[in-house]
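Structure first, then comments.
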Amino acid sequence: MKILVTGGCGYIGSHTVVDLLNDGLEVVIVDNLVNSKRDVLEKIKKITGKCVTFYEYDLCDMEKLDSIFKKESISAVIHFAGLKAVGESVSIPLKYYQNNLTGTINLLLCMQKYNVKKIIFSSSATVYGNPKTLPIKEDFPLSTTNPYGTTKLMIETILKDLYQSDNSFDIAILRYFNPIGAHKSGLLGEDPNGIPNNLMPYIVKVATGKLPVLNIFGADYKTVDGTGVRDYIHVLDLSYGHMLALKNKKTGLKIYNLGTGKGTSVLELVTMFETVNKVKINKKIVGRREGDIDACYASCSLAERELGFKCRYTLEDMCLDSYNYVKNNN
Ligand SMILES: NC(=O)c1ccc[n+]([C@@H]2O[C@H](COP(=O)([O-])OP(=O)(O)OC[C@H]3O[C@@H](n4cnc5c(N)ncnc54)[C@H](O)[C@@H]3O)[C@@H](O)[C@H]2O)c1
């Protein structure tokens, strides 16, 4: 069975490719490397002892994408490719709509043309907007607060419409909460350039001296200690969720939250990071960031019931593995 992984050189994609290869599946990656590096392919080979077929193509280039489907006998697609920086999506929304929507529509057109009917799509908890109650269930109302989130919601709508028109499609929409952590080998992980958008890469940059201080955006939220609460999930558990979705025998259009179901505040995460890694994080409370919400954590009972999904890694693992990756790659 050959799986096409779009964005397979990226953070979550690369971990999933390792799991697919370890499971004996063949993998084809398409990635334009806009937010990743080619050396990830070598690292995947080092971990698994196996090679993948790689195409450095942009999903927006329909002719090139079509050529992959023509050449390879693809059985299923895991679709990670997309731009993902919330702040950037506010400054350059058209780029986000063009990249994320055109890329996805091209992909779905190819799937239709070559009769590939199974797709797993990377959605996000951002589609729940500002939830009125917690934990968040899949049937909660949907809304977005930025163009990035809107692309995710639009793609979900496109997938629902496609399924409505042809219910031989088998579609899993996975709504990720906050992936952190890294591969145990220290070879794969996340280390964005510049000032990171997300908390864990920011903490790690302060720990390694690349940034002087961790700005904590707001300490007056209605939470346990005033700082924002999120549901952090180890990237290896997230990747495992994709394996389960791929193997799920129940067909149709399915939507699952992938998180741990536990909320952790910014200060709790920083304290855990300091304790397990024995480092001090210089931090400063600053004003709230526009659009941030008090708290967000998942109900994962649907994924648990239907996929058998259960997280295997703790917050401690997430803190250890995130730091280990960056120390290994500096
Ligand atoms: N990391 C998170 O916090 C998070 C949370 C929720 C959802 N997601 C979604 O999960 C997916 C994977 O996220 P990630 O953290 O691994 O991101 P990432 O940026 O590390 O990986 C995305 C990959 O897609 C590639 N890509 C982007 N546009 C492309 C295009 N037009 N053609 C070909 N390749 C293209 C990039 O080069 C990159 O390698 C994304 O769709 C993201 O929106 C991520």
### Query
Percentage of Cα-Cα pair distances in segment 175-232 greater than 14 Å, rounded to whole percent?
64 percent
#### Entry: Long-range Cα-Cα pairs in segment 147-186 (distance over 10 Å), rounded percent
76 percent
### Inter-label distance, nm, simple model (7 Å from Cα along the C-beta direction), residue 95/residue 2
3.3 nm
### Query
Using alpha-carbon pairs under 8 Å, 6+ residues apart, how would you state the relative contact order of segment 1-110 in percent?
31 percent
### Calculated log₁₀ intensity ratio I(q)/I(0) where the Debye formula runs over C-alpha points of segment 38-82, q = 0.19, 0.25 Å⁻¹
-0.77, -1.09
### Query
Okay, helix-only estimate at 222 nm for the chain: each DSSP H run of n ≥ 4 adds -39500 (n - 2.57), divide by all residues, round to 500 deg cm²/dmol; what do you get?
-11500 deg cm²/dmol
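For the chain, what percent of Cα pairs sit more than 35 Å apart? Can you show the working numbers first?
Values: 9057 of 54285 pairs.
Here the tail beyond 35 Å accounts for 17 percent of pairs.
Rounded to two decimals, what ratio of Rg to Rh does segment 200-330 give with C-alpha atoms and a Kirkwood Rh? It would help to have the intermediate numbers written out before the result.
On the way: Rg = 16.7 Å, Rh = 16.3 Å.
Over the Cα atoms of segment 200-330, Rg/Rh equals 1.03.
So for segment 1-45, what are the equivalent ellipsoid semi-axes in whole Å, largest first, each being the square root of 5 times an eigenvalue of the Cα gyration tensor?
Values: eigenvalues 56, 23, 13 Å².
Three semi-axes, in Å: 17, 11, 8.
Please compute the contact order of the chain in relative form: average sequence separation of alpha-carbon pairs under 8 Å and at least six residues apart, divided by the residue count, as a percent.
Details: 634 pairs, mean separation 60.6, N = 330.
18 percent.
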### Task
Determine which lysines satisfy two conditions relative to residue 152: a Cα distance under 18 Å, and not lying fewer than 8 residues away in the same chain.
84, 95, 137, 160, 254
### Task
Can you pull the one-decimal nm distance between simple spin-label points at residue 38 and residue 280, each 7 Å off the Cα toward Cβ?
4.4 nm
### Message
Tell me whether segment 115-204 comes out rounded, prolate or oblate; compute the Cα gyration tensor, take square roots of the eigenvalues as a ≥ b ≥ c, and use a/c under 1.5 as the rounded threshold.
### Response
oblate
### Query
Along the three principal axes, how long is segment 7-126 when you take its alpha carbons, biggest first, rounded to the nearest angstrom?
42, 31, 25
### Task
At most 14 other Cβ atoms within 10 Å and a DSSP loop assignment: could you name the GluC sites (Glu not before Pro) in segment 258-302 that fit?
290
### Task
Report, ordered by chain and residue number, the lysines lying within cross-link reach of residue 50, taken as a straight Cα distance under 23 Å and ignoring same-chain residues fewer than 8 apart.
2, 37, 71, 184, 247
### Summary
Here the alpha-carbon Rg of segment 55-189 over 2.2 N^0.38 Å rounds to 1.13
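Read-outs throughout are calculated quantities, based only on the coordinates presented, and are distinct from any laboratory measurement. Note that this is a predicted model, so its numbers are computed, not measured. Positions of Cβ are generated from backbone atoms using ideal geometry, with glycine treated the same way; all protein chains shown enter the neighbour counts.
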